[in-house]
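Novice: I have a structure I would like to understand better, so I am pasting it below and will then ask my questions one at a time.
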Amino acid sequence: MRTEPESVELHVALGGTFDPVHDGHLALIEQALAMGQLTVGLTSDGLAPETRLVDRPITPYKQRHQQLTEAVDPIARCFDRPYSIERLTEPTGIATAPQFDVLIVSPETRSGGDRINALRAAAGDSPLRIRVIDHVDAIDGARISSTRIVAGEIDVHGNRQPSGR
């Protein structure tokens, strides 16, 4: 189901590692682009291991950037919205910049949005509108996650892997 664009052009921030890009990420991206001009903060190679909840190798930034671009381009074209991808080098990322109006988060990163708003308040900037986007479930009813994909449980669309796992 396609989300209709909002009439007011907002500046929307979204951050993550996107390793690999999956349908849950695409839901975040679609919601963000429905709201306005998107800037995606993509974690740097140095930051990615610090922000992950699991210990596993991370695909190099350049490859993740390319894969993310390939995923965002068609969605941005559908909404006729500009977007950019910027390197994140610190956990609070790009969202502390004053030009942003909205921060897109998943349920587990909601507290990070509150932390960013506290930093913005300390800097004299307006708080961001926090938009929490629910997880996308895999075919088995559990959420799609990069960890499950890398472990071979599911593919990027949440389907069981052919190996029968």
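Novice: With no solvent and one point on each alpha carbon, what is the Debye value of log10 I(q)/I(0) for region 31-165 at q = 0.16 Å⁻¹?
Specialist: Values returned for q = 0.16 Å⁻¹ are -1.00.
Novice: Run the numbers on region 68-165 and let me know its relative contact order in percent, using alpha-carbon pairs under 8 Å that are six or more apart.
Specialist: Computed value for region 68-165: 18 percent relative contact order.
Novice: Below 8 Å between Cα atoms, with a sequence gap of 6+, how large is the relative contact order for the chain in percent?
Specialist: 26
Novice: Put a dot 7 Å past each Cα toward the Cβ at Thr147 and Ser44; how far apart are the dots in nm?
Specialist: That separation, rounded to one decimal, is 2.6 nm.
Novice: Could you tell me what percent of the DSSP beta bridges with both partners in region 8-165 are antiparallel, to the nearest 5?
Specialist: 10
Novice: Tell me, what is the per residue accessible area of region 43-82 in Å², probe radius 1.4 Å?
Specialist: Value for region 43-82: 62 Å² per residue.
Novice: Where does helix 61-79 land angle-wise versus the long Cα axis of the chain, in degrees 0 to 90, nearest 10?
Specialist: So the helix axis and the longest Cα principal axis differ by about 70 degrees.
Novice: Given +1 on the Cβ of Lys and Arg, -1 on the Cβ of Asp and Glu, and no further charges, what dipole in debye does region 68-165 carry about its Cα centre, rounded to the nearest 20?
Specialist: The dipole magnitude comes to about 120 debye.
Novice: When ranked by the protection proxy of mean other Cβ atoms within 10 Å per residue, highest first, what sequence do the peptides 139-146, 107-114 form?
Specialist: The packing order, highest mean first, is 139-146, 107-114.
Novice: Hey, another quick one. What list of ³J(HN,Hα) couplings, whole Hz, do you get for region 15-23 from phi and the Karplus terms 6.51, -1.76, 1.60, once you set θ to phi - 60° and write x for glycine and proline?
Specialist: Running phi through 6.51 cos²θ - 1.76 cosθ + 1.60 with θ = phi - 60° gives x, x, 8, 6, 9, x, 5, 9, 4 Hz.
Novice: Report, by chain and number, residues whose modeled amide H sits under 5 Å from the one on Leu88, excluding near sequence neighbours (fewer than 5 apart, same chain).
Specialist: Excluding prolines and chain starts, which carry no amide H, the hits are Leu42, Thr43, Ser44.
Novice: May I ask you to give the percent of accessible area on the chain that is carbon plus sulfur, with a probe radius of 1.4 Å?
Specialist: Ligands and nucleic acids excluded, carbon and sulfur reach 51 percent.
The values are calculated or read from the model by the stated rules, or taken from the named source; none is laboratory data. Everything numeric here is computed off the predicted structure, so don't read it as measured data. Cβ coordinates were reconstructed from backbone atoms using ideal geometry, including for glycine residues, and neighbour counts include every protein chain displayed. We work out accessible area using only protein heavy atoms, side chains counted, and drop any ligands, DNA or RNA first. Shrake-Rupley method; radii C 1.70, N 1.55, O 1.52, S 1.80 Å.
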